[in-house]
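Here is the structure we will look at, set down as structure tokens.
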Amino acid sequence: MSNLKLRVGLISARGLAAADKTGFSDPYAVARVNGKKYTTKVIKQTLDPIWDYAFEIPIQQGKLPTLISIAVWDKDTFGRDFLGEISIPVKNMFDRNNGGFSDGVPRHYADPANQAAWFTLNKRSEKNNVSGEIQIKFGFMEQHVRDYQQYLDAWQQLIN
């Protein structure tokens, strides 16, 4: 499994706070992993954006990132407004990959049993106007889909 990559999908969000006078936001998400930044497109005038954005992280023994941080922002003409954030320890990212139910089994990204889960967005401070959830999917990517037990074995080696 030398060409194993981790795919992170920022699928959508729902119930975001309205940051504009129109009663909507122009949301986008920014993920940070190991000093790299991955940004979705801006979806205008909505509180329930659908991004369908994914990025891949090459993974190697001993070089696994420890944390994936995702912030949701409202794009404005002159700046941006904070809409919420979530930080997920990489060792726990498969904990809810069964449609949000506790399963903990690492799977190929395209495996039908690998379902995205909803995560509640958090505030940075009490002043923040934050509501809603973000839908995220995690999975392995490689040319051939393997049995989930092989992914589980590889994952245990990577996180231990």
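Taken together, the values in this text are just the output of simple stated rules run on the coordinates, not laboratory data. Remember, predicted model here, so these are calculated numbers, not experimental data. Don't worry about glycine lacking a Cβ; one is built from the backbone with ideal geometry, like all the others, and counts go over all protein chains shown.
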Task: Efficiency of FRET from Cβ geometry, A54 and Q150, R₀ 25 Å, rounded to 0.05 - done: 0.70
TODO: Please pull out the direction-averaged projected area of the chain, using the convex hull of its alpha-carbon atoms, in nm² to one decimal place.
DONE: 9.8
TODO: First select every other residue whose beta carbon is under 10 angstrom from the beta carbon of Y38; then total the charges, Lys and Arg +1, Asp and Glu -1.
DONE: +2
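What's the FRET efficiency of K127 with S69 using the Cβ-Cβ distance as r and R₀ = 25 Å, to the nearest 0.05? Please report the intermediate quantities before stating the final value.
Values: r = 20 Å, r/R0 = 0.79.
FRET efficiency, K127 to S69: 0.80.
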Open item on the list: Can you give the local net charge around Q115? Use residues other than it whose beta-carbon is closer than 10 angstrom to its beta-carbon, Lys and Arg +1, Asp and Glu -1.
Closed with: +1
- [ ] With r as the distance between the Cβ atoms of S87 and V42 and R0 = 25 Å, compute the FRET efficiency 1/(1 + (r/R0)^6) and round to 0.05.
- [x] 0.65
